[in-house]
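A.B. asks: Structure provided below as structure tokens; questions to follow.
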Amino acid sequence: MLFQQSVPGVFNQPYNNTLYNQKNAYRSDMRPPDNTAQDKELINSVSDLNVANDETWKERKDPFSTKGPTSTTLVDFEAIAPPPPSKRFINDNSASQYNTVSSHQYMDVARSSASRFGQTLHESTHVLPSMSYGSMPIHPSYQPGMQSSSSTLPLSNHHTFQQQQPAYSALQQQQHLQAYNPSIMVPPQSPTLASYYFEGSNSWFDQYQDPKRLRSPSAHVDTDYIQMMQHRQQWYSMNAAAANLMVGYGFADAQAMQQWLLQQQQTYQINPQASMNAIYQLPGSNPMLLNGQPYQTLQQQQQAILMQQLYSQQHLISSMAVPSSVPPIEAHYLDNVQRRKHSLKHMGALPRTSQSYSASIPHPSQFAINSQLSVTQMLQAGAIDSSEASRDQLLAYAHTLYANTPYNPTLLELLHLLNSLHPTHLPTLLLLACVYFTQRNYQASLHYNQLILKQDPQYVEAMSNIGTTLRSMGRTSEAEQWWYQAVKLRPGYWDAVENLVGVLCSSQSHDKAKKVVTAVSHAGHDDANATKLIRYKEALNVCDFVEQFFFKSSPDADVKATTIGRLESAIKPPKDLPKHQIPRLQNLFYAKGNLKYAMGDMIGARHEYEKGLEIVFGGRSLLEVVNQVASVIGSSSVAQAYRHGTLVESNALPLILLHPEQASRLLSITFPETGGVLPGLAGTDRNPTSPSSVDTVTTSSIQQAAQTTSTILLTLAKMFQDMMNPSSSTSPTAIATAAADETSTKPTMSILLPLYYLSLSLNPSPSTANNLGIILSNISGAASANAIFIQDKPRQLQNPVTGTSLALQYYSYGLQLDPRHPHLYTNLGSLLKDMGHLNEAVRMYEKAVECNPRFDVALANLGNAIKDMGRVQDSVQWYKRAVEVNANFVDAICGLVNSLGGICDWRGRGSVGDEHGVDAVGRFIPSSGDVKSCSGWIGRVVQIVDKQLQEGVVWGTGVLKWKQENGLHFLENLVDCAVRSISQDANVRANAKKALMKRGVAIMQRSNDKVNEGAWVIRLIERTIRRLQRSWYITTYGATITVDKSVTLPAIMVSPNLVQKYKRPAIPSMLPTPAVPTVLPFHTFTYPLDARQIRLISHRNALRISHSTLTSSWVPSHVYPPPAPPAPRYKIGYVSSDFNNHPLAHLMQSVFGFHDKERFEVFCYATTASDSTPYRLKIEGEAEHFIDVSTWTHQQIVSRLHEDGIHILINLNGYTKGARNEIMAARPCPVQCSFMGFAGTLAGGWCDWIIADPIVCPPEMVSCEQWRYRRAHHRNETVGDFTGDIDPESALDNFVYTEKFIYMPHSYFVNDHKQGFREEEDKQQPMVPPLRDQSDSNVWEVEELKRWKMRREVFPDLPDDVIIFANFNQLYKLEPGTFRLWLRILERVPNSIIWLLRFPPAGEANLKRTAMEWCGPQVAQRVVFTDVAPKHIHIHRGRVADLFLDTPECNAHTTAADILWSGTPILTWPKYMHKMCSRVGASIARATSFGDEMIVQSEQEYEERAVALANSLKYSYDNSNGEMKRVGNGALHDLRKRLFTTREHSRLFDTLRWTRNLEAGYIEAWKRWVTGEEFEDINGNLDHSGCIWVTDPDDTSH
């Protein structure tokens, strides 16, 4: 057999092993009902999922296996890949929340994901030697017209685990109460990575790959082509054709012929639709030989063939309609048709008479194939004579031998005999050429093909076979010439088309293409890419030429050759195209789509894919198909519109939620009239009484079209996902342009899901189920509530349909199809992890790794889950394995860096900029001073950040020019809304509109590559919402700041008029969910990132929160009405997940009760359930209003805030674990602040103020202050700036904070040590007078005795004169430069140790090893570790240390206050201006009034100050009173004494004073909002600071 070589390509290369992840999709606002018994059943069933040993899913096969072509056409097709999937998923809509395992809390989980795209492509190589052969035809040049025109899981919604054993629960509770949390900033949960998988088994040339699918012997006669040309040209009129038939076959008249045909049809059960196939014997259609089943007698066979021929001719004549005008056909087409018709008659393909063979003559097919009868034996049996009938039967037998035993020696002997008897019989020569090709005698094969061309120079089958033979000989360029010639002669000859397009898209470079490489190299392509691009253009020209042949030359006036701009009309297949060829035409469109995608034409690619769908959906557009699906599923509005002939646009279509079983039969549900067959193929003959060959051909065509359609649907789905999130694509700019295309239906979730459902219906695939599960798991509860679905049960018995429950079902369905599908296991694990079932998630990840030990996403997910269990050291191995598999896997790299940093394993860390680093073997690398240096793991992370931030700039491209229903661009409507919120003055509005339009137009024109169009839109929307809310207040209450309590002002009642007047500007539906960087805001604390990088990481996260919130269905169409003025009490709301045993509660537990109840009404909203610790109980008891909202949805909490009339809302989480920033993003309150929870900018329009101080957040780094500075120095605003607000996306690196500040007078860092952390004896006298007011030093002496005693308890073997340096931070805050600095200090102070915590324990070994390698044993042995202690013990044992050495990269926060309360001095270095976390220590130290002695400004000063303080400390012993006392002296001792003895009146520990100062800041913030002073574009005082500077009335310095 001829050998087919399959190479990855345009038509066939699959999506293979594609990974896609979602990033930081904040969980939904859906409130879970109570857990049921189904929950346990679910977990148990998940636990019982077995990993099959040998089952594989049907799609998992090698799509590049090889097989020989048939005798008809030699096929050697090679093509390019379909569109690669993007790196991140587009839709991060909120998903349902569930109770966690241990506490049944209703928590938001920051779910992040990442992805990659990977393929394993097996390309066949040509191993046959090259042979020379003759001259080749001249390459035909195309005419201008040829150029391109452009384990089952139970269905349960909510799940939990069984309660732990009582003993364990008690132990857990005890540990919970005693747990010590030294860091106030708790990072979010580790990401759960969603793994998409797009497989490629539905490749376009699968029809050539199946060895069982063999072509019939006489398929060289392209009867479809002849029939088409006859139909188009109308060679004969109906009457002439009928007369010829009647005369030729001896009928008296047409009626007699009709009667005879009907009689023969009934007698032989002939399928008239396949009559021409039977005559000309198309591939796979020979009724005699398919599956080796001949007719019983030659007589019956000949009569049947005769009848079919006659019926076909009659049917053709009866169906012809004489056109008014005949379309022009090129002359060579007519000549070819006439010549072929004449040759067929004389070569025996068309019997001239109705004579039949004698039944006594044995039929050649009766000989057993394996009997290997010789030609002599056949002659003796009477099976061979010189008649044409005998020839045709023997040739059929030869084809049978060729198909089954191509190396049978009888085959060549028989064919040569036939050739000697019939030397001009072209089918015999063609089969001879094929046999020699199969036997690798290429010269002989070429010889016989050339003999064919000598008789018929336009015999395209021989031309195509010559091309395939030459390709196998390595003479690809010559082969290409032959295929060009064949395609030009017959554009509808698919085998030549596919071979030609394949070779043009192959990876081999040709001299012709290389010559013009330099012409395109300037465009930024390298030589290889330029060559590839040229070849792709040639291939696209071929495809266009073929398409134009079928459409522009078609007599069907309603069929168009479509390009871009086909919004209204859908393409229909030509009426004269046989339906079994529709799949081949569909393949052409699929190839064109892949070519255009590879060339960067995303719009064109999409249209080609849609054309491939339209011809098999019966001329229906994709939007029409989805409308029909929605109508059938149950949408009355869509059904009504559909009945009236109109379509509902994608942004108005309902969301469709289907169970897997329903999705699998969606095609039958949608098109019941076709019995589940694609509508475009309906009507293809499927008569069960017809010969099996006819039914097999039809079934194969239907299956092929179904598979290709499934692949195109998935390809479009992936493209739509990219368009909904362009920044996640590998070609973000091109995808963003396609997303902004106004001539196409906008991709939405309502369009996306039906694509997947239909694909699953056509081809049940575990990978499709996997991808559906990912998408559905992110469908919010609100979206699910508004979705439509099939009601298969009475409504009262119908379980709620949610995205999460459906995701579980699809994962289960996929695992039934393939119990060893690693992606399904890892995504199921991610879903369980997000639901709080961490242990079960780990088990699923482990099964995924068991199925595929090199599955990087599963490895990274396993590392994340294990790290979240507290096993940081154990997580490292899984991250390393993931990176070994995929060195560019961003999430694995970041996870590895975080874990390695958390345990201080710095080997291979490298360095960035001028910081110190560590090489691969752990050696310390001093700073080189090169600010551009970037190496090692940490360098990779910084590069990743830069790349992702740059990719995100394209988000929202084109949204501003999107035309809306009123005919205006979105920019115009948005600007009109914005200026209405500013002022009622017409001139002010006009000026504001002019400025905004100017900026908007500049952004649309992309005058600045750093401008993020989508971000600008979100910022303007949020800015407008704030001003609309204030305008509503001013209109209702005037500029009233407060009113007397005797005055009662009613709350605003929302009316329809007010809804319209204060309508919230809506985010366009075409604006997808923005991508966020892999590095989370929390991780920026310890990464060497600059101000812009940190600002953008937070800003991108804020944009996602804003987008997901403002597009939620629960957010009203109008802005939330403002509360009535304070009367006279201000209503302050605190929202936090940390009102439990958490550092925030430790620090603020007294603040809520300290508020002045005459002036303030305080509300605390706890988003986590009570842990019943003293901290929670104290806050609950002292706050005026304490509301447990742990089980409430976002909507419920926002509604409560509005009902409570909160004036000022404080976010105590920020970007930390448990945050529910969506509440802030809904903008329920006029003034919204951030405090304590997160030491950095939130960079969102939903945060107005940060409560801080000028030390920790210098004004120089604040946007509004920088804007004022630029304005004062007459610098123009950049494109994206608003008045008073510099664009966060700008290239500026001199600011980080987008919020304004309420600057506290001493330190922003509140604490409760004076009230909450006294020793037992102190509690009897809570307010100890300061030492300076006492007549003796008794208090200090007591403290010294306590300190000496505790020192001996903690370090019993430590000499008294040893200096104890200490640091009690978590070890992730420590980086190599600081540790080396500490070691140098130890070297210079020989009688010293440094005391660290095993936090985590795995860090101890790494730090001791590092100290040994860097400084030797004398220093390394002085690095001492102890366990973490409970909070009270931790605070009080801090007195043992002599000096606390702070970590400059990320300071001690709570720990610094703890240490200073114990009297121990700290040494801190505010290393970065732009990092709040690196300046907290300085802020806290400054508030003690002794900050100058504890704050340094450089690394050298840090070292010198530490050494000097340590060397100053001297101790003497006094035994004058009979009791040995240690007496210290020196600068360090004096500093300690001052810190301890002044702590009772220190500003740092004066919580009540701090609260009063905070209240002053609240009052000023409210006043500025009411008067408009806060808004620079309304009434801002531009000559003064935009921040609030609170002064303490007792400070004499002010």
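A.B. asks: Just the residues that are closer than 20 Å to Ile1484 by Cβ, of a type in the set (Asp, Glu) and open to solvent by less than 20 Å² (accessible area, probe 1.4 Å), please, taken from segment 1554-1598.
C.D. replies: Answer for segment 1554-1598, where residues must be closer than 20 Å to Ile1484 by Cβ, of a type in the set (Asp, Glu) and open to solvent by less than 20 Å² (accessible area, probe 1.4 Å): just Asp1592.
A.B. asks: Phe1295 fails exactly one of the following numbered conditions: (1) among the hydrophobic types (A, V, I, L, M, F, W, C); (2) assigned to a helix (DSSP H, G or I); (3) more than 23 Å from His1207 (Cβ to Cβ). What is the number of that condition?
C.D. replies: (2)
A.B. asks: Tell me which residues, restricted to segment 391-407, are open to solvent by 30 Å² or more (accessible area, probe 1.4 Å) and out of contact with any Gly (no Cβ under 6 Å at 6 or more places or on another chain). Give the derivation first.
C.D. replies: Going residue by residue through segment 391-407, those that are open to solvent by 30 Å² or more (accessible area, probe 1.4 Å) are 392, 404-405, 407.
Across segment 391-407, the qualifying residues are Asn404, Thr405, Tyr407.
A.B. asks: So, one more: How about segment 1363-1443: which helices (runs of 4 or more DSSP H) wholly inside it have at least 1 residues that are of a type in the set (S, T, N, Q) and either touching a Pro at 6+ places or on another chain (Cβ under 7 Å) or open to solvent by less than 20 Å² (accessible area, probe 1.4 Å) (or both)?
C.D. replies: Answer list for segment 1363-1443: 1376-1388, 1402-1415.
A.B. asks: Please verify whether segment 1495-1506 includes one or more residues that are in contact with a strand residue (DSSP E or B) (Cβ under 9 Å, 6 or more places away or on another chain) and at pLDDT below 95. Walk me through how you get there before you give the answer.
C.D. replies: Residues of segment 1495-1506 in contact with a strand residue (DSSP E or B) (Cβ under 9 Å, 6 or more places away or on another chain): 1495-1496, 1502, 1505-1506.
Still in the running and at pLDDT below 95: none.
No, there is no match, as no residue in segment 1495-1506 is in contact with a strand residue (DSSP E or B) (Cβ under 9 Å, 6 or more places away or on another chain) and at pLDDT below 95.
A.B. asks: Okay, moving on. Quick test of your reading of the structure: Pro1593 fulfils all but one of (1) of a type outside the set (D, E, K, R); (2) modelled with pLDDT under 95; (3) farther than 24 Å from Lys1131 by Cα. Name the failing condition by number.
C.D. replies: (3)
Listed here are the residues, each with its yes/no results for (1) modelled with pLDDT of 95 or more; (2) under 25 Å from Ser875 (Cα atoms).
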residue: Asn1391; (1), (2): yes, no
residue: Leu1397; (1), (2): yes, yes
residue: Gly1403; (1), (2): yes, yes
residue: Pro1417; (1), (2): yes, no
residue: Gln1421; (1), (2): yes, no
residue: Ala1429; (1), (2): no, yes
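A.B. asks: So, one more: Going by the conditions given, is Lys1178 assigned to a helix (DSSP H, G or I), surrounded by fewer than 21 Cβ atoms within 10 Å (Cβ to Cβ), basic (Lys, Arg) and modelled with pLDDT of 95 or more?
C.D. replies: Taking the combined requirement at face value, the residue satisfies it.
A.B. asks: Can you find, within segment 1287-1307, the residue that is surrounded by the fewest Cβ atoms within 10 Å (Cβ to Cβ) among those that are among the aliphatic types (A, V, I, L, M) and at pLDDT 95 or above? So that I can check it myself, show each step before the final result.
C.D. replies: Residues of segment 1287-1307 that are among the aliphatic types (A, V, I, L, M), as a first pass: 1291-1292, 1296, 1302, 1304.
Retained after the next criterion (residues that are at pLDDT 95 or above): 1296, 1302, 1304.
Working: Val1296: 29, Ile1302: 25, Met1304: 28.
Step by step, filter segment 1287-1307, then rank; the result is Ile1302.
A.B. asks: Also, I was wondering about something else. Please pick out the residue among Val1339, Val1328, Val1310 that is part of a loop (DSSP other than H, G, I, E, B), at pLDDT below 90 and of a type outside the set (Asp, Glu).
C.D. replies: Values: Val1339 fails: part of a loop (DSSP other than H, G, I, E, B); Val1310 fails: at pLDDT below 90.
Checking each option against the conditions leaves just Val1328.
A.B. asks: In addition: Looking for something touching a Cys at 6+ places or on another chain (Cβ under 9 Å), open to solvent by 10 Å² or more (accessible area, probe 1.4 Å) and assigned to a helix (DSSP H, G or I) - is there at least one such residue anywhere in segment 590-610?
C.D. replies: yes
A.B. asks: Suppose we filter segment 441-479 for residues that are assigned to a loop (DSSP other than H, G, I, E, B) and not hydrophobic (A, V, I, L, M, F, W, C); how many remain?
C.D. replies: Total satisfying the criteria: 7.
A.B. asks: Sort out which residues of segment 733-763 are more than 17 Å from Val632 (Cβ to Cβ), open to solvent by 10 Å² or more (accessible area, probe 1.4 Å) and modelled with pLDDT of 80 or more, and write them in order of number.
C.D. replies: Residues satisfying the conditions are Ser744, Thr745, Lys746, Pro747, Thr748, Met749, Asn763.
A.B. asks: Consider Cys1257 carefully, then state whether it is more than 30 Å from Phe1139 (Cβ to Cβ), open to solvent by less than 10 Å² (accessible area, probe 1.4 Å) and among the hydrophobic types (A, V, I, L, M, F, W, C).
C.D. replies: No: the conditions fail for Cys1257.
A.B. asks: Residues in segment 969-982: is at least one under 25 Å from Arg1030 (Cβ atoms) and not in a helix (DSSP H, G or I)?
C.D. replies: yes
A.B. asks: If I go through segment 1021-1041 residue by residue, how many of them are open to solvent by 40 Å² or more (accessible area, probe 1.4 Å) and either in a loop (DSSP other than H, G, I, E, B) or of a type in the set (Asp, Glu) (or both)?
C.D. replies: Number satisfying all stated conditions: 2.
A.B. asks: What are the pairs, 6+ residues apart or on separate chains, where a residue within segment 1080-1096 that is farther than 22 Å from Asn1012 by Cβ has its Cβ under 6 Å from a residue that is acidic (Asp, Glu) and open to solvent by 10 Å² or more (accessible area, probe 1.4 Å)?
C.D. replies: Taking only residues 6 or more apart or on different chains, the pairs are Pro1088/Glu915.
A.B. asks: May I pose another question? Please enumerate the residues belonging to segment 392-425 that are more than 18 Å from Gln439 (Cβ to Cβ) and either out of contact with any helix residue (DSSP H, G or I) (no Cβ under 8 Å at 6 or more places or on another chain) or of a type in the set (Val, Ile, Thr) (or both).
C.D. replies: Scanning segment 392-425 gives Asp392, Ser420, Pro423, Thr424.
A.B. asks: Cβ-Cβ below 8 Å, separation at least six or inter-chain, first residue in segment 1581-1594 and farther than 10 Å from Arg1268 by Cβ, second aromatic (Phe, Trp, Tyr): which pairs?
C.D. replies: Qualifying pairs under 8 Å: Cys1587/Phe1301; Cys1587/Tyr1303; Ile1588/Trp1249; Ile1588/Phe1301; Ile1588/Tyr1303; Trp1589/Tyr1303; Val1590/Tyr1303.
A.B. asks: Tally up the residues in segment 1042-1080 that are farther than 13 Å from Pro1121 by Cα, of a type in the set (A, V, I, L, M, F, W, C) and open to solvent by 50 Å² or more (accessible area, probe 1.4 Å), please.
C.D. replies: Summing the residues that are farther than 13 Å from Pro1121 by Cα, of a type in the set (A, V, I, L, M, F, W, C) and open to solvent by 50 Å² or more (accessible area, probe 1.4 Å) in segment 1042-1080 gives 3.
A.B. asks: Assess whether Glu624 counts as being charged (D, E, K, R), over 24 Å from Ala739 (Cα atoms), open to solvent by 10 Å² or more (accessible area, probe 1.4 Å) and modelled with pLDDT of 90 or more.
C.D. replies: Considered against the rule, which asks whether it is charged (D, E, K, R), over 24 Å from Ala739 (Cα atoms), open to solvent by 10 Å² or more (accessible area, probe 1.4 Å) and modelled with pLDDT of 90 or more, Glu624 comes out as no.
The values are calculated or read from the model by the stated rules, or taken from the named source; none is laboratory data. All values reported here derive from a predicted model rather than from experimental measurement. So basically every Cβ, Gly included, is an ideal-geometry build from the backbone, and we count neighbours across all protein chains shown. Heavy atoms of the whole protein, side chains included, go into the accessibility calculation; ligands, DNA and RNA do not. Shrake-Rupley method; radii C 1.70, N 1.55, O 1.52, S 1.80 Å.
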